[in-house]
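The values are calculated or read from the model by the stated rules, or taken from the named source; none is laboratory data. Everything numeric here is computed off the predicted structure, so don't read it as measured data. When we count neighbours, we look across all protein chains shown, and the Cβ atoms used for this are built from the backbone with ideal geometry, even at glycine. Just so you know, the surface numbers come from the protein's heavy atoms only, side chains and all, with ligands and any DNA or RNA stripped out. Shrake-Rupley method; radii C 1.70, N 1.55, O 1.52, S 1.80 Å.
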Amino acid sequence: DVPADAWLVAEAWLPVRAHAQDPFWSEASRQLLADILTSTPALTITNAELYRLITRATTDELKIMLAGTPSGRVFADPAAEKMRESIRSTLSINLRALQFLEPTARAGEGFSMRRWIRQALAEGSGSRVFLGCPPEQAAAINPVIAVLIESAAAALMALGADRDRRVG
């Protein structure tokens, strides 16, 4: 489910800080990220392309791409330039971890937390996942780890109730 997955990523990657004076910028950045993710053809966008769209795409390119989405209104309104750039700046700062991920990786390729959970439970293998990164990248990579944990939780919740299932 692309819209639900887009929101899961957006909410995990861009948490609203408990002491934020104005949560609007985080919420608007979440909306923009979710709209970009749902407006791109499924399974075709790479990490590098996502980063480019967020940081370097022209207003006109995003206006066309986001037409009909909640974020599209901000890109269609010429008077909203300052707000649009503030939202993009907030999103760019929060998505800096994209620079450390494999640039050509696409959704559906490589490791999938959901696929791992399904396989581990089906095989009864008791396998484990260790999430780590180089210390110098830890602060930037934490949001990626948060997305993986949220994805795991969503995958487990989607399995439904089972009194005998144990996940460790």
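Determine, yes or no, whether Ala155 is in contact (Cβ under 8 Å) with a residue 24 or more places away in the chain and open to solvent by less than 40 Å² (accessible area, probe 1.4 Å).
For Ala155, the condition - in contact (Cβ under 8 Å) with a residue 24 or more places away in the chain and open to solvent by less than 40 Å² (accessible area, probe 1.4 Å) - is met.
Can you tell me how many residues in the stretch 33-70 are aliphatic (A, V, I, L, M) and in contact with a Pro (Cβ under 9 Å, 6 or more places away or on another chain)?
Number of matching residues: 3.
Do the conditions hold for Gly126, that is, is it over 19 Å from Trp13 (Cα atoms), open to solvent by 40 Å² or more (accessible area, probe 1.4 Å) and in contact with an Asp or Glu (Cβ under 8 Å, 6 or more places away or on another chain)?
no
Anything in the stretch 55-72 that is part of a loop (DSSP other than H, G, I, E, B), of a type outside the set (D, E, K, R) and over 15 Å from Ala34 (Cα atoms)? List them, or say none.
Ala57, Thr58
Find all pairs meeting these conditions: Cβ atoms under 8 angstrom apart; at least six residues apart or on different chains; first residue within the stretch 93-122 and more than 19 Å from Ala48 (Cα to Cα) and open to solvent by less than 60 Å² (accessible area, probe 1.4 Å); second residue in a helix (DSSP H, G or I) and polar (S, T, N, Q).
From the stretch 93-122, the pairs are Met113/Ser151.
Quick one: in the stretch 58-82, of everything that is out of contact with any helix residue (DSSP H, G or I) (no Cβ under 8 Å at 6 or more places or on another chain) and either in contact (Cβ under 8 Å) with a residue 24 or more places away in the chain or of a type in the set (A, V, I, L, M, F, W, C) (or both), which residue is most open to solvent (accessible area, probe 1.4 Å)?
Ile64
Condition check: under 27 Å from Thr46 (Cβ atoms), out of contact with any helix residue (DSSP H, G or I) (no Cβ under 7 Å at 6 or more places or on another chain), open to solvent by 50 Å² or more (accessible area, probe 1.4 Å) and without any contact (Cβ under 8 Å) to a residue 60 or more places away in the chain. Does Ile145 satisfy that?
When the stated conditions are applied, Ile145 does not pass them.
Among the listed residues Arg128, Arg115, Arg165, identify the single one that is on the phi < 0 side of the Ramachandran plot and either touching a Pro at 6+ places or on another chain (Cβ under 6 Å) or not in a loop (DSSP other than H, G, I, E, B) (or both).
Of Arg128, Arg115, Arg165, the one residue that is on the phi < 0 side of the Ramachandran plot and either touching a Pro at 6+ places or on another chain (Cβ under 6 Å) or not in a loop (DSSP other than H, G, I, E, B) (or both) is Arg115.
Select from the stretch 1-16 the residues that are touching a helix residue (DSSP H, G or I) at 6+ places or on another chain (Cβ under 7 Å) and not in a helix (DSSP H, G or I) and write down the one among them that is most open to solvent (accessible area, probe 1.4 Å).
Val16
Specify the residue that is most open to solvent (accessible area, probe 1.4 Å); the eligible residues are those in the stretch 17-38 that are of a type in the set (S, T, N, Q) and touching a residue at least 40 places away in the same chain (Cβ under 8 Å).
Ranking the candidates gives Gln31 first.
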